[in-house]
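Written below as structure tokens is the structure these notes are about.
Read-outs: derived from the displayed coordinates by stated rules, not from any lab. In this text the structure is predicted, and so the values were computed from the model without any measurement. Virtual Cβ from ideal backbone geometry, glycine too; neighbours counted across all protein chains shown.
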Amino acid sequence: MPYLARFEREAFERGIVIGRRKVLLESIELGLNLRFGREGLALLPKVQELEDLDRLRALQRTTFKARSLEAVKRALRNSRARSRRQRTRL
């Protein structure tokens, strides 16, 4: 791989993170739509507020494994609450 300046490497890595986030969001949207229809899609604006890839991955798994929409809502509330607590510590 050719030499990349620090700012180029950071921009490249940031682009990868943005791409992964986009794929996770698309996957969650698909799961919500297929499993729960319009009611599931109504959660999408709150899902899009999440930035952390690990939390998005966990929510993705929950979306496809949950037995009810309420379980997905609960997981989303927990993820958003953890995100807020983490931001206040920074």
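Of note:
- Cleavage-rule hits, chymotrypsin sites (Phe, Trp or Tyr not before Pro), the chain, DSSP coil, Cβ neighbours within 10 Å at most 11: 3
- Rotationally averaged projected area of the chain (alpha carbon convex hull; nm²): 7.1 nm²
- Additional length obtainable on full extension of the chain from residue 3 to residue 42, 0.36 nm per residue less Cα span: 9.5 nm
- Long-range Cα-Cα pairs in the stretch 22-67 (distance over 15 Å), rounded percent: 32 percent
- Of the residues 76, 50, 34, the one that moves most in a GNM of the chain with alpha-carbon contacts below 10 Å is 34.
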